[in-house]
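Structure, as structure tokens:
The values are calculated or read from the model by the stated rules, or taken from the named source; none is laboratory data. Predicted model, so just to flag it, every value in this text is computed and none were measured. Positions of Cβ are backbone-derived with ideal geometry, glycine not excepted, and every protein chain shown enters the neighbour counts. Please note that ligands, DNA and RNA were not included when accessible areas were found on the heavy atoms of the full protein model with its side chains. Shrake-Rupley method; radii C 1.70, N 1.55, O 1.52, S 1.80 Å.
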Amino acid sequence: MSLTKKVLLGMILGIVLGIGINLTGLNTEGSLVNLYLVNGLFNVVGTMFVNALKMLVVPLVLFSLICGVCGIGDVKLLGKIGSKAFVLYMLTTAIAIASALGIAATLGIGKGMNAQSSAEFTGREAPPLSQVLIDIVPSNPVNAMAQGEMLSIIFFAILLGISMLLVGRKSKPLINLFEMSNEVMMKMVGIIMALAPYAVFCLLSKAMANLGLDLLAQLLGYVLVLIGVLLLHLFVTLQLVLKIFSGLSPFTFMSKIRNTQVFAFSTSSSNATIPVTLRTVTQRMGVDNSVAAFTVPFGATINMDGTAIMQGVATVFIANIYNVDLGMSGYLTVIMMSVLASIGTAGVPGVGLIMLSMVFVQVGLPVEGIGLILGVDRLLDMIRTAVNVSGDAVVSTIVAKSEGKLDVDVFNDPNAGIIHDEDLDIDEAVEKEMAEAVQQSRKKS
Ligand code: ASP
């Protein structure tokens, strides 16, 4: 069975088991199932897996981006790729939120509803744009890496790559070192991905066992409209954008991105999914590393179509419940604020609600209103993260195609970049060679 099939199977079994545990009420606090299975085994395996993915993010982004910059060799082209990606990311996010606002307002969701806040929520104000810009330049790159601050890491890696180009031939050993490190890191991604079926099973069993199904039923209108707009964006808007700007087949794209979507769905984090997205767009879709190494981490940070859609639907829903008429100018502010908020916030679980609070402060909606939807956000976060990473991959593919940095044969080959079990077997001859090499260098020293 292929890895994609195994991962999908893990996902389905996890969802079925989790919902089963949920419906049978076995997951009560302190019960054996809760203690040893949901918060025990599933939690341990799932969190270890997410940690393993996160562990790869910083070194992978650093190495692949340095190689990408050196690989392009042309700083002007780098600027062109950056601006194209930025414009497309902002454009898709703006379309996402505008369609969410339009559909939710037309359907009048939340009108006449008397919902009870299920949880306390304290928001956060948006950091001023000036601060977001200042933070792009790290005062300490090691600290930026330790904190996983993606924009700072991107800045540092690009500058390092450019400096290596300027130093020229002498820096070739360094390029070789990074190139090798990148290849090794990519192998590591393959190893972690091979473990995904079990981890995805655990992550989803836990998430589903903990879902508040009663609350989901109460907020069914909100949940269904939101899921509807998310699916519309994923299957129609993004595919149209892909077809129009690149001419590539949306069907091929969708079949290749599925695995990455499952990772995003299970981890609720675009950031943790970066290694998988990067591997998928380069090895499965044929995007050159020089483009993907930049557009993927950049997109995971600044591009959040799914999150923007949630913000649009939630704004209308809560405004209607509180009987606030936002008017056209209010809607425009929401669009602007959510696009801006997405730039300064990283793709990690639940960050969408914090961004929503920034939007609420700006348009004068009560931030505590977010407490109404807090209880159902876990599931919605999973779905919107899958949409977020799909947007990153669409834009990466378009930008690569437009710059002649996409291998169309790889894109069209259904088997390109698939992980096979044999890929993870260590060759005995290689083992011997490596051992001999170590012995020899020891003798020398
Ligand atoms: N979890 C989302 C992501 O990582 C962000 C959010 O909507 O909360 O892309």
List the pairs whose first member sits in the range 132-149 and is on the phi < 0 side of the Ramachandran plot, whose second member is among the hydroxyl-bearing types (Ser, Thr, Tyr), and whose Cβ atoms are under 8 Å apart, counting only residues at least 6 apart or on separate chains? Asp135/Ser152; Ile136/Ser152; Val137/Ser152; Pro138/Ser152; Pro141/Ser152; Ala144/Ser152
Quick one: in the range 49-97, which of the residues that are touching a residue at least 60 places away in the same chain (Cβ under 8 Å) and among the basic types (Lys, Arg) is least open to solvent (accessible area, probe 1.4 Å)? Lys84
With the requirement that a residue be open to solvent by 10 Å² or more (accessible area, probe 1.4 Å), part of a helix (DSSP H, G or I) and away from the ligand (no atom under 15 Å from the Cβ), what does the range 368-407 give you? Glu368, Lys401, Ser402
Helices (runs of 4 or more DSSP H) lying entirely in the range 209-274 (those with 1 or more residues that are within 13 Å of the ligand (Cβ to nearest atom)): 220-232, 250-267
Within 15 Å of the ligand (Cβ to nearest atom), part of a helix (DSSP H, G or I) and in contact (Cβ under 8 Å) with a residue 12 or more places away in the chain: is that true of Thr315 in this structure? yes
Do we find a residue being open to solvent by less than 10 Å² (accessible area, probe 1.4 Å), in a helix (DSSP H, G or I), more than 25 Å from Phe235 (Cα to Cα) and more than 13 Å from the ligand (Cβ to nearest atom) anywhere in the range 359-367? yes
Search result, residues across the range 318-347 that are within 16 Å of the ligand (Cβ to nearest atom) and buried (at least 24 other Cβ atoms within 10 Å of the Cβ): Val334, Ser338, Ala341, Ser342, Gly347
Can you pull out every residue in the range 143-162 that is open to solvent by 50 Å² or more (accessible area, probe 1.4 Å) and small (Gly, Ala, Ser)? Ala146
